[in-house]
Amino acid sequence: MQVGFRGVDRMQLICPAGSPPALKAAVDNGADAVYVGFRDQTNARAFPGLNFTDADLAAGIEYAHARDREIYVALNTYASSARLNQWRAAVDRAAALGADALICADLGVLDYGARRHPGLRRHLSVQGSATTHAALRYYRERFGIARAVLPRVLSIEQVERLCAHDVVPIEVFAFGSLCIMAEGRCQLSSYATGVSPNRQGVCSPARSVRWVEEPGGARSAYLNEVLIDRFAAGEPAGYPVVCKGRYVVGGETIHALEEPTSLNTLDLLPRLEKAGVAALKIEGRQRGQAYVADVTRICRQALDRLRQRPQDWTPQASWQRELARHAEGRQTTLGPYHRSWH
Amino acid sequence: MRLTLGPLQYFWSRQRVLAFYREAAGWPVDVIYLGETVCSKRRELTTRDWIALAEELLASDREIVLSSLALTEAESELSALTRLVGDGRFRVEANDMSAVQLLRERGLPFVGGPTLNVYNHAALRLLIEDGLQRWVLGVEQGRAEIEGFRASDVVLPELEVIAWGRLPLAFSARCFTARALDLAKDECGFRCIDYPNGLPLQTREGAAFLTLNGVQVQSAGRCDLGPELDELQAVGVDLLRLYPQAEGMAEVVARFRCALDSGVAPPRAGEENGYWRGTAGMRCVDQ
């Protein structure tokens, strides 16, 4: 039987690492757990030069465990039939190296982990798109998941109601780049490039991106020959992902889907804790060591402050400033947690 | 191969919906999917109304399937889903794992919709244990994926492939139609009813790219696998899904029916087949 988790004494801080230095930075700055991926397409940040060899991971696990922290391995892409054995082998490798949990979305991968390594915790990845207590029950009953990461589509009220159902411990995103579509349900990159987050672990692959210098200093960003945005001379130009481009709708040129912005939930920490959220996740395995260090440190300070003085919660202005510095387009939002974003 | 009329993805007036399906009852399709799969705020037809329409269409001697919402968030949406599943007289197309769980708990067989994320035979086997009898491939899956499934030891369920229409590419909590019209979602005024084929989105160079349809983003071009008829047959596809559009649907159905009856693939009428060929969905690749 699943043990209720609402009595958990504090929210865990789960931080990203795309390299061994980032992993150390996360541990050193107060992460309770660090999540990482292997150097292949078994995880949703399969970028060149990023992620962990088996030796890296072994050393990272040793470093974390020596400090009483945990390492989760993200195996959260979907395997085709032809490649399923590669994903299964990755589950075996994570288990052999002593990972504390797997983060998975594919039913076949979850099933393999549950049968072959029942003692290794399984967390449902955000890519699993579970947004209701019925969906969570499915993954708990089928694969005995120990936790689920919620897609960034639910309002804070919906998160609270979902937690109240007490199906499995809940992890939510607290800071980082904002996927605005239900994760695991977005084919925008795939539609434009043939490469998808679900299958190849990449959104907007670098090899499909082309920058064109226009006369007068403007710059155009193309994704597989689709113009995603055009930036005036001197205008900050973000990496071209489909959902954050400017397009023409009804004769107007607008950020039709979303502006370059990042999620920041510091304002909501007391509500998330009161709701019984088990863990807060920081997005950004593709980001550098400095990002991981700064964001982890600030979130650790915020969580410690919340624990010491839960009443009259106000995030420090300095925290917000520093987080904004690491945000896309230097702006942050409460995103879907806040109804007005919808 | 059989023809199916996929669920209506757009928001039309009640009158328009009922007129559409009155006409559809006379079209040479084998299966009709009914229900709101995009936005639960669209209530020209309630869940009860869709079920009533399903009852009416039974007389047309077509297989009637009730399709569930792709993105279920609110408790009210889960209640509507429970009603859809609880009716029990019609098979349900499960478009998320909430629906799969409710169907599984009741021991009811179901159709797995294109948003379930089934990428390998092991996942499919589990869903078959849960009651899946037919599976609609995800939008980004094509010929190679079917061949991969066929190479496994799983006894495959009926396979349905999207053969016509704008592709459902993404779902969000945000309403993109409301955003384009500078309205808050909670005060959207149901304005997507003004765009019976969705709201077109072009690049800044004027190229058609996407279609905004409430909380859903679709392709701008229409997928068309008519010319791929021989390949679809060769890999054992059982059903071809045609997604409704505001005008000319009778002709779309007639074109596919004629192709199936004659065995002669029609010339291309839509714009895209990239996913079938294992490349970017927006592409059109002739062999």
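The values are calculated or read from the model by the stated rules, or taken from the named source; none is laboratory data. Not measured: the values here are computed from a predicted model. Glycine gets a Cβ as well: all are built from the backbone with ideal geometry, and neighbour counts include every protein chain shown. The accessibility values were calculated without ligands, DNA or RNA, using every heavy atom of the protein model including side chains. Shrake-Rupley method; radii C 1.70, N 1.55, O 1.52, S 1.80 Å.
Here the stretch A:235-247 is the region considered, the condition is being open to solvent by 30 Å² or more (accessible area, probe 1.4 Å) and either within 9 Å of another protein chain (Cβ to nearest Cβ) or acidic (D, E) (or both), and the residue that is nearest to the chain's Cα centre (by Cα) is A:R246.
Here are the criteria: (1) within 11 Å of chain B (Cβ to nearest Cβ); (2) more than 21 Å from B:D96 (Cβ to Cβ); (3) not hydroxyl-bearing (S, T, Y). Tell me which single one A:V202 does not satisfy. Only one criterion in (1) within 11 Å of chain B (Cβ to nearest Cβ); (2) more than 21 Å from B:D96 (Cβ to Cβ); (3) not hydroxyl-bearing (S, T, Y) is unmet by A:V202, namely (1).
Sub-7 Å Cβ pairs linking a first residue in the stretch B:76-89 that is under 13 Å from B:E55 (Cβ atoms) to a second residue that is open to solvent by less than 30 Å² (accessible area, probe 1.4 Å) and of a type outside the set (S, T, N, Q), at least 6 apart or interchain, are B:D87/B:I51, ordered by first then second residue. Taking the condition closer than 24 Å to A:G37 by Cβ and either open to solvent by less than 70 Å² (accessible area, probe 1.4 Å) or hydrophobic (A, V, I, L, M, F, W, C) (or both), does A:R305 pass? Answer is no for this residue.
Of all residues in the stretch A:94-105, those that are open to solvent by 10 Å² or more (accessible area, probe 1.4 Å) and in a helix (DSSP H, G or I) total 3.
Checking each residue in the stretch B:232-281 for being within 14 Å of chain A (Cβ to nearest Cβ) and either free of Cβ contacts under 8 Å to residues at least 60 places away in the same chain or surrounded by fewer than 16 Cβ atoms within 10 Å (Cβ to Cβ) (or both) picks out B:E271, B:N273, B:G274, B:G278, B:T279, B:A280.
Considering only residues in the stretch A:113-134 that are farther than 23 Å from A:M181 by Cα and buried (at least 24 other Cβ atoms within 10 Å of the Cβ), the one that is farthest from the other protein chains (Cβ to nearest Cβ) turns out to be A:R122. Listed by position, the helices (runs of 4 or more DSSP H) contained in the stretch B:47-132 that have at least 3 residues being within 30 Å of A:R115 (Cβ to Cβ) and within 9 Å of another protein chain (Cβ to nearest Cβ) are B:97-105, B:121-130. Among the residues of the stretch B:1-22, the ones that are outside any loop (DSSP other than H, G, I, E, B) and open to solvent by less than 10 Å² (accessible area, probe 1.4 Å) come to 5 in all. Exactly one residue out of A:A192, A:A232, A:A206 is touching a residue at least 40 places away in the same chain (Cβ under 8 Å), of a type outside the set (V, I, T) and surrounded by fewer than 15 Cβ atoms within 10 Å (Cβ to Cβ): that is A:A206.
The residue that is surrounded by the most Cβ atoms within 10 Å (Cβ to Cβ), counting only those in the stretch A:55-87 that are charged (D, E, K, R) and more than 22 Å from the chain's Cα centre (by Cα), is A:R83.
You will find that of B:A80, B:A74, B:A122, B:A151, the residue that is surrounded by fewer than 24 Cβ atoms within 10 Å (Cβ to Cβ), under 29 Å from B:L210 (Cα atoms) and more than 17 Å from the chain's Cα centre (by Cα) is B:A74 and no other. As a summary of the residue check, A:Y222 satisfies the conditions (1) at pLDDT 95 or above; (2) surrounded by fewer than 20 Cβ atoms within 10 Å (Cβ to Cβ); (3) away from chain B (no Cβ under 11 Å) except for the one numbered (3).
Specify which of the listed residues (A:E283, A:E259) is in contact with a Pro (Cβ under 8 Å, 6 or more places away or on another chain) and either among the charged types (D, E, K, R) or under 14 Å from A:F173 (Cα atoms) (or both). Break it down stepwise before answering.
Values: A:E259 fails: in contact with a Pro (Cβ under 8 Å, 6 or more places away or on another chain).
Answer to the check: A:E283.
Taking every residue in the stretch A:275-302 that is of a type in the set (K, R) and pairing it with any residue that is surrounded by 21 or more Cβ atoms within 10 Å (Cβ to Cβ) and in a loop (DSSP other than H, G, I, E, B), at least 6 positions away or on another chain, the pairs with Cβ-Cβ distances below 6 Å are A:R285/A:G18; A:R285/A:R45.
Output yes when any residue across the stretch A:135-151 is of a type in the set (F, W, Y) and surrounded by fewer than 24 Cβ atoms within 10 Å (Cβ to Cβ), and no when none is. Yes, that holds for at least one residue. Among the conditions (1) open to solvent by 40 Å² or more (accessible area, probe 1.4 Å); (2) within 11 Å of chain A (Cβ to nearest Cβ), B:E140 misses just one, which is (1).
Quick one: is A:I71 assigned to a strand (DSSP E or B) and at pLDDT 95 or above?
Yes.
Residues in the stretch A:161-180 that are open to solvent by 10 Å² or more (accessible area, probe 1.4 Å) and within 7 Å of chain B (Cβ to nearest Cβ): 1 in all. Would you list the helices (runs of 4 or more DSSP H) that sit entirely within the stretch A:106-198 and hold 1 or more residues that are over 25 Å from B:L78 (Cβ atoms)? Per the criteria, A:107-116, A:188-193. The residues on offer are A:V91, A:V109, and the sole one that is open to solvent by less than 10 Å² (accessible area, probe 1.4 Å), in contact with a His (Cβ under 9 Å, 6 or more places away or on another chain) and among the hydrophobic types (A, V, I, L, M, F, W, C) is A:V91.
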